[in-house]
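The values are calculated or read from the model by the stated rules, or taken from the named source; none is laboratory data. Note that the coordinates shown come from a computational prediction; the quantities given were computed from them, not determined experimentally. Neighbour counts run over all protein chains shown; Cβ positions are idealised from the backbone, glycine included.
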Amino acid sequence: MATRSISSRIGAVLAAPVIWLARLLNLPLKWWQGMTGTGGMAAFFLAPNMAIFGIFVLLPLVINFAYSMTSGQALFLSDRSYVGGEQYARLMDCGNYLDPTTCREDLFWIALRNTALFVVVQVSMMTVVAMITALILNREIRGRGFWRAVFFFPVLLSPVVVGLIWRWILQREGLLNFILYNVGLEPHVWLTDRFYSFVATVGVSVWAHMGFYTLILLAGLQAIPRDLYEAAEMDGTRAGRVFWRITLPLLMPNLLVVIVLALIRAVQIFDEAYVLTGGGPGTSTLYLTQYIYEVGFASLLRNPGLAAAASIIMGLILVVLTLIQLGLGRRNEKAGERK
Amino acid sequence: MGQITLSDIQRAYGNVKVLHDINLDIADGEFVVLVGPSGCGKSTLLRLLSGLDKPTAGRIEIDGKDVTQVSAADRGLAMVFQSYALYPHMSVRQNLAFGLENIQMPKAEIAERITEAARMLEITDYLDRRPGQLSGGQKQRVAIGRAVVRNPTAFLLDEPLSNLDAELRISTRAEISALHDRLKTTMIYVTHDQVEAMTLADRIVVMRAGRIEQVGRPLDLYNTPANLFVAGFIGAPRMNLLPVKIAEAGPQSVRVEGAGGLSIMVAADGSALQPGTDATLGIRPHDIRTGTGGDGSFTATVDLMEALGPETVAHATTDDGQKILAVLNGQDTTKAGDGISFAFDAGRTHLFDAEGQRLPPPRT
Amino acid sequence: MSRVAEFLTRRRGGSGWDWTDIFTWVWLIAGIFVMFGPAVWLVLSSFKTPAALAEFPPTVLPMATEQVMVEGYDNPLELYSVSMPDGSEQVLAQVRRVGTIAQMVDPDAPDEIVKVNIAERTPQRRVAFATENYVVPLEQNDFLLYLRNSVFVTVMATIITLLTNSMAAFALSKYRFRGRDGVMLLIVATLMVPLSVILVPLYSVVNAVGLFDSLWGVILPTVATPTGVFLLRQYMLTIPDELLDAARMDHASEWQIYWRIILPLAAPALAVLAIFSIVWRWNDFLWPLVVLSRKELYTLQVGLNTYAGELNVQWHYILAMTVVTMIPVVLVFVFLQRYITAGIAGSGLK
């Protein structure tokens, strides 16, 4: 009951400005309904959202392709000169694809390599940590709601806040070094070391997002019927076997969702890494989105066409990952039907 | 006034026709029940009447005015929905007032109408509760109240009792009947329950597969069902339908023969029939008695005897495997497995031809 | 104490501890420190003076050296506890420090200067909250402006999101029209189009419609959220169609059905979307960073990043402003965490 009243109260407050507008709109809309019927009303209800959606999502999506085939610094498409696939050719111009220094756009390849590395390390860490946490939260512990909240807390923080908090903790004379110093370990200059700054971006993004994935896994775990575990207990199944033979297979759909969602998000890593390290030291934490941002907006010799081409390549990577997700989802559905 | 005429109404969803050429006249103040199995199109017909849905072809007139293209709100009708469709976020009072506010009725008149309707339906005590706090029966009254305050030219009721338990259904049925007597407003009532149809209706419209099978007063349908479908649908327990062969057929009478030594002369116009063709003989379970002393009789084997005290329900099987149900007066000692002989009168039988249509009455 | 221990360790079936129980509690306790610790550390640090921030090792609580006004000196002097040559302890105020020698005075006898080796003195310290870290940037820098911009963006974007998304969701859940499934598919498909993929063309579109370097340029591209439409539509599908029919019989126009019936009934879903929208828009960084160029239009996130990127990072202000930036989200977390977690578990949405 309490949940209902609170949420409906929030709804009432949010609806307050709408009510005034709504009363005002009723007469002209009645006329419109009379003229066009319910079909016209459907169009009316869709119009604002679809107009904004069309202008700010669909249109950019379409002209991104045109953009990527032009060159120059001009902003509007009409002022830009058509160059065909030149921007793509420039991105792909490499002596040896495994060695970014041989590429014409070496930063792109460095960003791509860093992102790939980041994705692999971050997603595997994320999955393992979220899985362990979800398994623990699914045990019969006291105050489960509280513990769940503990791990969820950083999810809501803004990436800038996350970046700044950790920059403060990881600085040379920060909290982490103080703790390491006190337990007799060697302090590091975390954020100006090529290796450790990469580790820091991975660790911080796992810290910031693991609560989200833990929730999805926990929901999956709680959907597994209790009596399956009781039956296994009656059979005298060992705990490890229960995990591998019951928990994991039944959790698979959620686990796949978690992995693919984490992959898609990891490919787009930008905010917290940018605030934390700014891509440095050097280019050790330069990721794809930052590359697009810098080429498109921040650098002196900005090249929107090149940034557009790079963003399309990134979009393709995301499409592939999404298709994998859809494919896996369908396979799961089929598996479910067979059961 | 609430006189409604439907002419040649059709409704199709894509290629699927759910109503075929419906013609129906409803007089002012009449209580008409649309009855039929689920999927027969009765609810669709009600929605077409209400204006919530529009027919593919045909004309709907209310009090002589063509309203086919008029919107639901402007037809002056009120509807009681199967799920009651009470606005869950409004109090009972607000539920009743909503429709009146929408037509800018003065506040005082709204309050007056609500008071009147609430008194009539005995819902005054919970006018300020929300639907979620009401029992099923109370919600039902509120749903009816919402229709009553509108003072409509006709009420449309879509299976209004189907969400109530058996006991409440019977009492609410009586109340709806009383309400109709009092308001004298046209009511069109959809149900799949033939008992509701029999008890409530001035006239029943039996529908099947998008067509009207028969229209008539309840007892007319019971006594002279026009075809096998109506015969089987109206009356509980269901009419026994025995396959028979025509033995003799004339314009005054028809003699049919069936299993278990059955042979009977029925008064009907059989001049169109050929001897030897198939027909169906219908006998209601209440019209069967034991023994051989009647216009017709046949033998069967008892499967089960259900002693209810004042009467006994006999389940039996004829020689050719036909299931027979008989409601026998008083108590009977026949046991399962025993042979039994059933007798009945020709005047209480119903004879249908091979197409399932009732034979016309004898020529005079 | 033993009762507490018993309470904490009680397990199903009363059996003893095994390694999984130990691991569970180690993980959970460590979780508190790792998850909450950084934020707590941030808050504690934000109340430290620049001098205390530069200290290593750092203190847990914000400390400040006590100060006292001494007759004959214009500025307050710092108090130290000094081991005097005669072995006694005395509290003296430091006038200045030259090399390893500090010139100090007794606050009660301000005329006589005592020279003390700095190794012989320890600062008199007590817990003190440097609230000026908060007051100064809000008063003197542009942070109040950034705060106002952020609030404006968040509130407007959330209102527009709720309105347009709920209207679209209503049309997509309660009307049958040609192309409905197509529209739905289009919306769901763009769930996978992140901002970074359309960053460059979106920038030019926003420029073309004249919204560059304006707060509306930050707001509008974010409001047609496919997630919001999807979430609301799923919820509205559970509202029975008979209610709408009843309202139509009750002379309600379609618009009245939307705002008198659908909106109030979808309030729980609207509340969830509102919470998400507030968090999203408050936290947005990349898009405002791209579209805003005048400093006075910056949102808190962009402003913070700009200050943190300066050569001479003024950590005491930045930490304080980071806390300010965090406050709304922490409030949301404390009061509405249950709805959010339920929403995520139910829909996999973030």
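B:G210 - would you say it is crowded, with 21+ Cβ neighbours inside 10 Å and at positive phi?
yes
Going by the structure shown, is A:R172 in the same structural domain as A:I136 (by TED's automatic domain parsing), modelled with pLDDT of 85 or more and among the basic types (K, R)?
no
Mind telling me which of the residues C:V313, C:V334 ends up being more than 8 Å from chain A (Cβ to nearest Cβ) and either in a loop (DSSP other than H, G, I, E, B) or polar (S, T, N, Q) (or both)?
Details: C:V334 fails: either in a loop (DSSP other than H, G, I, E, B) or polar (S, T, N, Q) (or both).
Of the residues listed, the single one that is more than 8 Å from chain A (Cβ to nearest Cβ) and either in a loop (DSSP other than H, G, I, E, B) or polar (S, T, N, Q) (or both) is C:V313.
Filter the stretch C:60-83 for residues that are assigned to a loop (DSSP other than H, G, I, E, B) and touching a residue at least 24 places away in the same chain (Cβ under 8 Å) and give the result.
C:L61, C:P62, C:E66, C:V70, C:E71, C:G72, C:Y73
Any idea which of C:L202, C:L172 is in a helix (DSSP H, G or I), within 19 Å of C:L286 (Cα to Cα) and away from chain B (no Cβ under 14 Å)?
C:L202
State yes or no: is B:R255 surrounded by fewer than 16 Cβ atoms within 10 Å (Cβ to Cβ) and either within 30 Å of B:R203 (Cβ to Cβ) or touching an Asp or Glu at 6+ places or on another chain (Cβ under 6 Å) (or both)?
On the way: surrounded by fewer than 16 Cβ atoms within 10 Å (Cβ to Cβ): no; either within 30 Å of B:R203 (Cβ to Cβ) or touching an Asp or Glu at 6+ places or on another chain (Cβ under 6 Å) (or both): yes.
No, not satisfied.
Restricting attention to the stretch C:130-169, and to residues there that are part of a helix (DSSP H, G or I) and out of contact with any helix residue (DSSP H, G or I) (no Cβ under 8 Å at 6 or more places or on another chain), which single residue is nearest to the other protein chains (Cβ to nearest Cβ)?
To start, the set of residues in the stretch C:130-169 that are part of a helix (DSSP H, G or I) comprises C:132-139, C:143-169.
Checking which are out of contact with any helix residue (DSSP H, G or I) (no Cβ under 8 Å at 6 or more places or on another chain) leaves us with C:132, C:135, C:139, C:148, C:151, C:155.
Working: C:E132: 19, C:V135: 20, C:E139: 21, C:R148: 17, C:V151: 14, C:V155: 10 Å.
Step by step, filter the stretch C:130-169, then rank; the result is C:V155.
Can you tell me which of (1) farther than 19 Å from B:G232 by Cα; (2) out of contact with any His (no Cβ under 6 Å at 6 or more places or on another chain); (3) of a type outside the set (A, V, I, L, M) is the one B:D303 doesn't meet?
(2)
Considering (1) outside the structural domain of A:A208 (by TED's automatic domain parsing); (2) surrounded by 13 or more Cβ atoms within 10 Å (Cβ to Cβ), say which one A:Y82 fails and leave the rest.
Unmet for A:Y82, out of (1) outside the structural domain of A:A208 (by TED's automatic domain parsing); (2) surrounded by 13 or more Cβ atoms within 10 Å (Cβ to Cβ): (2).
Does A:V258 fit the bill of being within 18 Å of A:V120 (Cα to Cα) and either surrounded by 22 or more Cβ atoms within 10 Å (Cβ to Cβ) or outside the structural domain of A:I110 (by TED's automatic domain parsing) (or both)?
Values: within 18 Å of A:V120 (Cα to Cα): yes; either surrounded by 22 or more Cβ atoms within 10 Å (Cβ to Cβ) or outside the structural domain of A:I110 (by TED's automatic domain parsing) (or both): yes.
Here the answer is yes, as A:V258 does meet what is asked.
In this structure, is C:A54 of a type in the set (G, A, S) and within 10 Å of chain A (Cβ to nearest Cβ)?
yes
Of C:L215, C:L220, C:L191, C:L199, which residue is buried (at least 19 other Cβ atoms within 10 Å of the Cβ), within 23 Å of A:I317 (Cβ to Cβ) and within 27 Å of the chain's Cα centre (by Cα)?
C:L199
When you go through B:V266, B:V327 one by one, which is the residue that is modelled with pLDDT of 90 or more and assigned to a strand (DSSP E or B)?
Selected residue: B:V327, the only one of B:V266, B:V327 that is modelled with pLDDT of 90 or more and assigned to a strand (DSSP E or B).
Given the residues B:L24, B:L34, which is the only one that is surrounded by 17 or more Cβ atoms within 10 Å (Cβ to Cβ) and more than 17 Å from B:V80 (Cβ to Cβ)? Spell out how you get there, then give the answer.
Working: B:L34 fails: more than 17 Å from B:V80 (Cβ to Cβ).
Residue meeting the stated conditions: B:L24.
Of everything in the stretch A:60-79 that's facing another protein chain (nearest Cβ under 7 Å) and buried (at least 21 other Cβ atoms within 10 Å of the Cβ), which residue is nearest to C:R178 (Cα to Cα)?
A:P60
Out of the stretch B:59-79, which residues are in contact (Cβ under 8 Å) with a residue 40 or more places away in the chain, of a type in the set (A, V, I, L, M) and more than 9 Å from chain C (Cβ to nearest Cβ)?
Selection gives B:I60, B:I62.
Would you point out which residue out of C:L292, C:L300 is modelled with pLDDT of 85 or more, more than 10 Å from every other protein chain (Cβ to nearest Cβ) and under 22 Å from the mean Cα position of the chain (by Cα)?
Just a single option satisfies the conditions, and that option is C:L292.
Say we look at the stretch B:76-130 and pick out the residues that are under 34 Å from the mean Cα position of the chain (by Cα), assigned to a helix (DSSP H, G or I) and among the basic types (K, R); which of these is surrounded by the fewest Cβ atoms within 10 Å (Cβ to Cβ)?
Taking the candidates together, the pick is B:R119.
Which one of these is facing chain C (nearest Cβ under 8 Å) and in contact (Cβ under 8 Å) with a residue 12 or more places away in the chain: A:L164, A:L175?
Step by step, each of A:L164, A:L175 is checked, and only A:L164 is facing chain C (nearest Cβ under 8 Å) and in contact (Cβ under 8 Å) with a residue 12 or more places away in the chain.
Got a sec? Which of A:V121, A:V128 is more than 8 Å from chain C (Cβ to nearest Cβ) and touching a residue at least 24 places away in the same chain (Cβ under 8 Å)?
A:V121
Return the residues of the stretch B:258-271 that are surrounded by fewer than 20 Cβ atoms within 10 Å (Cβ to Cβ), small (G, A, S) and within 31 Å of the chain's Cα centre (by Cα); say none if nothing qualifies.
Within the stretch B:258-271, B:A267 is the sole residue that qualifies.
Condition check ((1) at pLDDT below 75; (2) touching a Lys or Arg at 6+ places or on another chain (Cβ under 8 Å)) across all residues:
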residue	(1), (2)
C:A5	yes, no
C:L8	yes, yes
C:G13	yes, no
C:W17	yes, yes
C:D21	no, yes
C:W27	no, no
C:G31	no, no
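Of the numbered conditions (1) out of contact with any Lys or Arg (no Cβ under 9 Å at 6 or more places or on another chain); (2) surrounded by 20 or more Cβ atoms within 10 Å (Cβ to Cβ); (3) within 10 Å of chain A (Cβ to nearest Cβ), C:V209 fails exactly one; give the number of that condition.
Every listed condition holds for C:V209 apart from (2).
Report whether or not C:R294 is assigned by TED's automatic domain parsing to the domain that holds C:A157 and surrounded by fewer than 20 Cβ atoms within 10 Å (Cβ to Cβ). Talk me through it step by step, then tell me what you get.
Details: assigned by TED's automatic domain parsing to the domain that holds C:A157: yes; surrounded by fewer than 20 Cβ atoms within 10 Å (Cβ to Cβ): yes.
Judged against the criteria, C:R294 is a match.
Of all residues being in a helix (DSSP H, G or I), at the interface with another protein chain (Cβ under 7 Å from one of its Cβ atoms) and not basic (K, R) in the stretch C:240-257, which is farthest from C:L162 (Cα to Cα)? Just the residue, please. First the steps, then the outcome.
Within the stretch C:240-257, the first condition is being in a helix (DSSP H, G or I), and the residues that meet it are C:241-249, C:254-257.
From what is left, the residues that are at the interface with another protein chain (Cβ under 7 Å from one of its Cβ atoms) are C:242-243, C:245-246, C:248-249, C:254-256.
Narrowing the set further to residues that are not basic (K, R) leaves C:242-243, C:245-246, C:249, C:254-256.
On the way: C:E242: 24, C:L243: 22, C:D245: 24, C:A246: 25, C:M249: 28, C:E254: 18, C:W255: 16, C:Q256: 17 Å.
Restricting to residues being in a helix (DSSP H, G or I), at the interface with another protein chain (Cβ under 7 Å from one of its Cβ atoms) and not basic (K, R), the top hit is C:M249.
When you go through (1) modelled with pLDDT of 85 or more; (2) at the interface with another protein chain (Cβ under 10 Å from one of its Cβ atoms) one by one for C:L191, which number turns out not to apply?
(1)
Of the residues in the stretch B:195-233, how many are in contact (Cβ under 8 Å) with a residue 60 or more places away in the chain and in a loop (DSSP other than H, G, I, E, B)?
So the count comes out to 7.
Scan the stretch A:20-59 for residues that are more than 23 Å from C:L185 (Cβ to Cβ), facing chain C (nearest Cβ under 7 Å) and not charged (D, E, K, R) and jot them down.
Those that are more than 23 Å from C:L185 (Cβ to Cβ), facing chain C (nearest Cβ under 7 Å) and not charged (D, E, K, R): A:A22, A:L25, A:N26, A:L29, A:Q33.
Pick from A:A308, A:A273: which is at the interface with chain C (Cβ under 9 Å from one of its Cβ atoms), of a type outside the set (V, I, T) and in contact (Cβ under 8 Å) with a residue 12 or more places away in the chain?
That would be A:A308, the only listed residue that is at the interface with chain C (Cβ under 9 Å from one of its Cβ atoms), of a type outside the set (V, I, T) and in contact (Cβ under 8 Å) with a residue 12 or more places away in the chain.
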